[in-house]
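Okay, structure first, notes after.
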Amino acid sequence: MPHKQVDALIAKYGADIVIAAVTPMLEDSRVETLESGLNSKLQSITVVLENLYDPHNGAAAMRSTEAFGLCDLHTIDGTTGTFKAAKDVSAGTGKWIDLHSHETSLACAQSLKEKGFVLCATVPGATMELEQIPVDKPLAIWFGNERDGLSAEAQELCDHQVSIEMHGFCQSFNLSVSVAMFVHRLASKRRAEVGAVGDLSDERRRHLQARWRATGIRGLSHIIERHVSSLTQ
Ligand SMILES: C[S@@+](CC[C@H](N)C(=O)[O-])C[C@H]1O[C@@H](n2cnc3c(N)ncnc32)[C@H](O)[C@@H]1O
């Protein structure tokens, strides 16, 4: 069952009910694996991809984002259409990450600012370098597309413009390589800053716990209904 349907059941019954209904059906080892994944998830670093063209790049960026333990990936899709990630490259990481699609860079920036994120534009040649990026607040790292880089509008909307220094003849790194390098360093610095591997809020943690435990269970809605009626008997 896809995320959306599981989330609809969580919205209807509440995370605690869903967790109580499905947990007896899971092996202990499965529960332990999912708990360890939750403990490592970092919600205060996120990635923004602006109008990507290549689904292989998108998939590779998503894979790295998930592999470093982030839980959200924002895409701006107004110009290029719905974000697509090539399945043979993403290695199933889509089920562990929340995709947020925005029509415009402005809409994306506003929504992240409202949540308290500092916006950081990655721009080859920018004078501020990766190591100088402050990690004392939640950070959204913005990446431009393969051909044009980050739009002038997106650069304006961001609080910082940063680069990774280059010493070869090539002018820029591949997009997904850039995502991996930035996220690797910044997630590590942010974990040191917060003093923990993961930083999920209690509410987010409970929601993901319910979703991850419930995903893949056949007849989920009946199982939850049966659990609910057993509580009232
Ligand atoms: C292939 S590059 C785009 C090249 C584009 N012609 C430009 O000048 O921005 C794709 C994206 O990777 C990121 N990137 C690549 N090299 C980078 C570097 N040295 N520093 C910071 N970001 C970089 C940026 O987000 C860039 O928009």
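The values are calculated or read from the model by the stated rules, or taken from the named source; none is laboratory data. None of the values given here were measured: they were computed from a predicted structure. Glycine gets a Cβ as well: all are built from the backbone with ideal geometry, and neighbour counts include every protein chain shown.
Data for the structure
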item: Options Leu157, Leu150, Leu139; residue that is closer than 22 Å to Arg63 by Cβ, away from the ligand (no atom under 11 Å from the Cβ) and at pLDDT 95 or above; result: Leu139
item: Filter result for Gly125 (crowded, with 17+ Cβ neighbours inside 10 Å and either within 16 Å of the ligand (Cβ to nearest atom) or not in a loop (DSSP other than H, G, I, E, B) (or both)); result: no
item: Test: Ser172 is at negative phi, assigned to a helix (DSSP H, G or I) and either at pLDDT below 95 or surrounded by 15 or more Cβ atoms within 10 Å (Cβ to Cβ) (or both); result: no
item: Residue, nearest to Gln161 (Cα to Cα), within region 98-112, restricted to residues that are touching an Asp or Glu at 6+ places or on another chain (Cβ under 9 Å) and surrounded by fewer than 19 Cβ atoms within 10 Å (Cβ to Cβ); result: Leu106
item: Options Val48, Val6, Val22; residue that is aliphatic (A, V, I, L, M), in contact (Cβ under 8 Å) with a residue 12 or more places away in the chain and within 16 Å of the ligand (Cβ to nearest atom); result: Val48
item: Residue match in region 160-168 (condition: more than 13 Å from the ligand (Cβ to nearest atom) and touching a residue at least 40 places away in the same chain (Cβ under 8 Å)); result: no
item: Per-region count, region 172-191, residues among the β-branched types (Val, Ile, Thr) and more than 14 Å from the ligand (Cβ to nearest atom); result: 0
item: Some residue of region 84-101 being farther than 18 Å from Ala60 by Cα and either more than 16 Å from the ligand (Cβ to nearest atom) or over 18 Å from the mean Cα position of the chain (by Cα) (or both); result: no
item: Candidates Ala59, Ala67, filtered to the one that is touching a residue at least 12 places away in the same chain (Cβ under 8 Å), more than 16 Å from the ligand (Cβ to nearest atom) and farther than 14 Å from Arg211 by Cα; result: Ala67
item: Selection status of Thr79, in the same structural domain as Phe117 (by TED's automatic domain parsing), over 17 Å from His184 (Cβ atoms), free of Cβ contacts under 8 Å to residues at least 60 places away in the same chain and crowded, with 21+ Cβ neighbours inside 10 Å; result: no
item: Residue within region 100-109 that is within 23 Å of His3 (Cα to Cα), without any contact (Cβ under 8 Å) to a residue 12 or more places away in the chain and not in a strand (DSSP E or B) present; result: no
